[in-house]
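A.B. asks: Got a structure here, written out as structure tokens. Questions coming.
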Amino acid sequence: MAKSVREAFRVPADVDLEELDPRERPVGPNDKSAAAEDMTDLATRLDGLQEALFAEAIGGGKRAVLLVLQGMDTSGKGGVIRHAAGLVNPQGLQIASFKRPTEEERAHDFLWRIRKEVPVAGRIGVFDRSHYEDVLIARVDSLVPKKVWQARYGKINEFEAELVESGVTLIKCMLHISPQEQSERLLARLDDPAKRWKYNPGDLDTRSKWGAYQEAYEAALQECSTDVAPWYVVPSDRKWYRNWVVAALLAETLTAMDPQFPVATIDVDAERARVAASDVT
């Protein structure tokens, strides 16, 4: 029996990123052309599911979806937002990008700024980076003592359990690329005048700590992949496959949620008659 998309990419308990091939394609399309065709079908499915989720909230529903995107520089967080999350009506999206914390944000608990961006009912929220920065860069660059970032794993699990209890379904995607692919993408940015603005010399400082970041990611995946908020490792060396996987994860998750359009509380026949009688000349 074929695995579901969520089964195929859910992080194993003993995750070793070196053993996970960033070019692997365990399920789904085998080439870019097939992926493009499948994305057309996914777009239709997602559009209907997202509209139902939005309408459900208008009718009093409390459910939402939160797509968390994490990955090394050039792994494609922006591309996923455009090509996967972008398949739905933009009015139904709530996108937040987390950069270096401001002075105000540093004065609060690390989850303070995150809580403010949790999607409201009926929306699909997207986090471009997230609360996991505080167990990734904070760990690698020793921004806080070890006992502080270690305690954050438990706080993250508690926070995510609270979100699920409140009606938010999480889809956490680690966009997994190889250092070779990252090098090619960095060079591509330098080669294309229209993309040079994306190039940040500081990315090389992060790249030089590749091994430390892989260890930090493995720890975050192991410590914070729970039954209510699992992690998915998305092979991302092939951009078209990465986008298909995230779109498929969204569609599969929303299908399982089965959002419902609210039942009409009006007399449909009576309102149809009123509309017919309201012709304006």
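A.B. asks: Given a Förster radius of 22 Å and the C-beta distance between Ala161 and Glu24 as r, what FRET efficiency does 1/(1 + (r/R0)^6) yield to the nearest 0.05? List each step's numbers first, then the result.
C.D. replies: On the way: r = 30 Å, r/R0 = 1.38.
Step by step, r from the Cβ atoms, then E = 0.15.
A.B. asks: For the chain, what does the helix formula give at 222 nm: sum of -39500 (n - 2.57) over DSSP H segments with n ≥ 4, over the residue count, nearest 500 deg cm²/dmol?
C.D. replies: Working: 12 runs with 134 residues, N = 281.
Calculated from helices alone, the mean residue ellipticity at 222 nm is -14500 deg cm²/dmol.
A.B. asks: Moving to a separate point now. How much net charge surrounds Val144 when only the other residues with a Cβ under 13 Å from the Cβ of Val144 are counted, with Lys and Arg +1 and Asp and Glu -1? Working shown, then result.
C.D. replies: Working: positive: Arg106, Arg139, Lys146, Lys147, Arg152, Lys155; negative: Asp109, Glu133, Asp134, Asp141.
Local charge sum for Val144: +2.
A.B. asks: Using alpha carbons only, what's the Rg to Rh ratio of the range 123-281 with Rh from Kirkwood? Write down the numbers at each step before the final one.
C.D. replies: On the way: Rg = 22.9 Å, Rh = 19.5 Å.
That ratio is 1.17, to two decimals.
A.B. asks: Could you work out how much longer the chain between Thr40 and Lys62 gets when fully extended? Use 0.36 nm per residue separation minus the Cα distance between them, nm to one decimal.
C.D. replies: Details: separation 22, 0.36 × 22 = 7.92 nm, distance 2.89 nm.
My answer for the length gained is 5.0 nm.
A.B. asks: Report the local net charge at Gly167: Lys and Arg +1, Asp and Glu -1, summed over other residues whose C-beta lies under 10 Å from its C-beta.
C.D. replies: Details: positive: Lys62, Arg63; negative: Glu165.
Net charge in that neighbourhood comes out at +1.
A.B. asks: Right, something else. Label points 7 Å out from Cα along the Cβ direction at Asn200 and Ala212: separation in nm?
C.D. replies: Here the answer is 1.7 nm between the modelled labels.
A.B. asks: List the equivalent ellipsoid semi-axes of the chain in whole Å, largest first, each obtained as the square root of 5λ for an eigenvalue λ of the Cα gyration tensor. Could the numbers behind the result be given before it?
C.D. replies: On the way: eigenvalues 255, 108, 72 Å².
Taking √(5λ) for each Cα gyration eigenvalue gives 36, 23, 19 Å.
A.B. asks: Give the whole-number value, in cubic angstrom per residue, of the convex hull volume spanned by the C-alpha atoms of the range 159-247. Spell out each step's value before the answer.
C.D. replies: Values: hull volume 12.1 nm³, N = 89.
Spelled out: Cα convex hull of the range 159-247, divided by residues, is 136 Å³.
A.B. asks: Grab the beta carbon distance between Asp279 and Ser33, set R0 = 51 Å, and tell me the FRET efficiency rounded to 0.05. Let's see the in-between values first.
C.D. replies: Details: r = 50 Å, r/R0 = 0.98.
Calculated value: 0.55.
A.B. asks: Order 100-110, 240-250 from most to least packed using the mean count of other Cβ atoms within 10 Å.
C.D. replies: Working: 100-110: 11.7, 240-250: 25.0.
The packing order, highest mean first, is 240-250, 100-110.
A.B. asks: Explain nothing, just the number: dipole magnitude of the chain about its Cα centre with +1 on each Lys and Arg Cβ and -1 on each Asp and Glu Cβ, in debye rounded to the nearest 20. Don't jump to the answer; show the numbers that get you there.
C.D. replies: Working: 37 positive and 45 negative charges, 145 e Å.
Value, rounded to 20: 700 debye.
A.B. asks: If Rh is defined by the Kirkwood formula over all Cα pairs and Rg also comes from Cα, what ratio Rg/Rh do you get for the range 58-132? Write out the running numbers ahead of the final one.
C.D. replies: On the way: Rg = 13.5 Å, Rh = 13.4 Å.
Rg/Rh: 1.00.
A.B. asks: What is the projected area of the convex hull of the Cα atoms of the range 1-160, averaged over all directions, in nm²? Mind showing how you got there, number by number?
C.D. replies: Working: hull surface 48.3 nm².
The directionally averaged projection comes out at 12.1 nm².
A.B. asks: What spacing in nm lies between the two simple spin-label points modelled at Ala13 and Leu190, each 7 Å away from Cα in the Cβ direction?
C.D. replies: In this crude label model, Ala13 to Leu190 measures out at 4.5 nm.
A.B. asks: Can you give the local net charge around Val228? Use residues other than it whose beta-carbon is closer than 12 angstrom to its beta-carbon, Lys and Arg +1, Asp and Glu -1. It would help to have the intermediate numbers written out before the result.
C.D. replies: Details: positive: Lys172; negative: Glu158, Glu160, Glu162, Glu165, Asp227.
Local charge sum for Val228: -4.
A.B. asks: Would you work out which of Leu67, Gly92, Leu111 lies farthest towards the positive end of the dipole of the range 57-119? Charges go on Cβ: Lys and Arg +1, Asp and Glu -1.
C.D. replies: Most positive-ward Cα: Gly92.
A.B. asks: Right, here's the next one. Select from Ala35, Ala251, Ala13 the residue whose mean-square fluctuation is largest in a Gaussian network model of the chain (Cα-Cα springs shorter than 10 Å).
C.D. replies: Of Ala35, Ala251, Ala13, the Gaussian network model singles out Ala13 as fluctuating most.
Values quoted throughout were computed directly from the atomic coordinates according to the rules given, and no laboratory measurement underlies them. These figures come from a predicted structure and were not determined experimentally. We place every Cβ from the backbone using ideal geometry, glycine too, and count neighbours over all the protein chains shown.
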